[in-house]
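What follows draws every value from the coordinates through simple rules; no lab data is involved. Note that the coordinates shown come from a computational prediction; the quantities given were computed from them, not determined experimentally. All Cβ positions, glycine included, derive from the backbone under ideal geometry; neighbour counts span all protein chains shown.
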Amino acid sequence: MTASSRYMPVAPIPPSTTSTSIPTAPYRVRVRSFLLRAGLVAVTLVVVARLLPQVVVPEGLVDVVGIAALFGATNALVRPAVHLLALPIRLATLGVATFLLNGVLVLGVAWAAGQMGLGFSVGGYPPDLSLESVAVAVVLAAIVGVVSTAASFLVPDL
């Protein structure tokens, strides 16, 4: 048996006519799952605003969905970078600083929502930054984090 006879000949792959088209199905699934998660966060924000008087969420559906989209964008884009940069602090505090970082991110969402005129405030911030607003932001971050984690298990990306 020669070396060339050991290998089976492989037929050439015919050129596909759809090779230049962009596959849209995975992107639709990701957008759909992002929207479902944002909807769950929006419902969570409304419920938490009813339970905690320090959290002010506007009544309009568009504003609530906008705030939930800000939470989603912050969790997807800003949170990984902040957590990576704060890794030494998180290691030194055995992860306790993560709660404070998440609270600061919630305050950042409140600031961005205030700049956009969405009417979302946490413990009076914006404009007043106090220890109470940081504490309420940490509690809100923990609640939204639990709901987001549950939503990621219920609505996975494919």
| request: Hey, could you check the stretch 128-158 for residues that are touching a residue at least 12 places away in the same chain (Cβ under 8 Å) and part of a loop (DSSP other than H, G, I, E, B) and say which is nearest to P53 (Cα to Cα)? | output: L129
| Can V82 be described as under 16 Å from the mean Cα position of the chain (by Cα), of a type outside the set (F, W, Y), over 19 Å from R37 (Cβ atoms) and surrounded by fewer than 18 Cβ atoms within 10 Å (Cβ to Cβ)? | yes
| How about the stretch 51-68: which of its residues are aliphatic (A, V, I, L, M), closer than 19 Å to A142 by Cα, out of contact with any strand residue (DSSP E or B) (no Cβ under 8 Å at 6 or more places or on another chain) and surrounded by fewer than 17 Cβ atoms within 10 Å (Cβ to Cβ)? | L51, L52
| note | Apart from one, (1) free of Cβ contacts under 8 Å to residues at least 60 places away in the same chain; (2) farther than 18 Å from V146 by Cβ all hold for V96; the odd one out is (2)
| field | In the stretch 91-137, residue nearest to A42 (Cα to Cα) [restricted to those that are among the polar types (S, T, N, Q) and touching a strand residue (DSSP E or B) at 6+ places or on another chain (Cβ under 8 Å)] | value | S121
